[in-house]
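Below you'll find the structure, written out as structure tokens, and then a few comments.
Read-outs throughout are calculated quantities, based only on the coordinates presented, and are distinct from any laboratory measurement. If you're wondering where the values come from, they're calculated on a predicted model, not measured in any experiment. Cβ placement follows ideal geometry from the backbone for every residue including glycine, while neighbour counts extend to all protein chains displayed.
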Amino acid sequence: MLVPGFVVRQTQRTTATPSNQGTSERPERPERPERPESPDRVGSEGPPTRDQIRQQIRENIQAATDAVRDVERDARVRSGDLTAGPQGLPGSTVQPIFGDNVIPPQAVDIAMGFFVMCAVMVVGWPLARAFGRRMERGGQPAIANPAMSEQLQRIEQAVDAMSVEIERISESQRFLAKLQSSRGAEQALPASDRR
């Protein structure tokens, strides 16, 4: 299975026995490199030196690394990540068409989607709030039915009539207060002047 946007390029070829071609059997692992026989330790050389032990450890690590690479390559060939070279030998790798500094098209699509979403949120948020407020009010005008408007007119007329009556009452109280103050002044005069 190849990934879109990648080109298959031939890089290296390994040797294998032709008996594994066209069969579903697992190919045999390549043999590990032969190690030189270690000298007999019983002899006069004595125990191995620190450098010899380091060299043996390096060889073991290199052999294990090579074996892991071979197993991974075989697994990639079976899964379809690598195509088989001539005679069914693994030998190709997948390399991207675009260079190292180019942004993949999927990342561009994701970025464009993000910016479109931000623009929709900036424009849509106030519109959604206004629509929500309108729904809360119920979308009704202040006066919905004619019976209610008649009742409001009667209340308005009653309030006007009450205000006129209250003005008359306050005017009569002012008149009485003025009259009482003038009577208080008459009582202050001597009795001979009153008659």
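A few remarks follow.
- nm² value of the averaged projected area, convex hull over the Cα atoms of region 111-170: 7.2 nm²
- The modelled label-to-label distance for the pair E156/Q62, using points 7 Å beyond Cα in the direction of Cβ, is 10.5 nm.
- Calculated FRET value between D109 and R129, using beta carbons and R₀ = 22 Å, to 0.05: 0.10
- Cut-off 13 Å, label 7 Å out along Cα→Cβ of S172, residues of region 147-166 by amide N: 165-166
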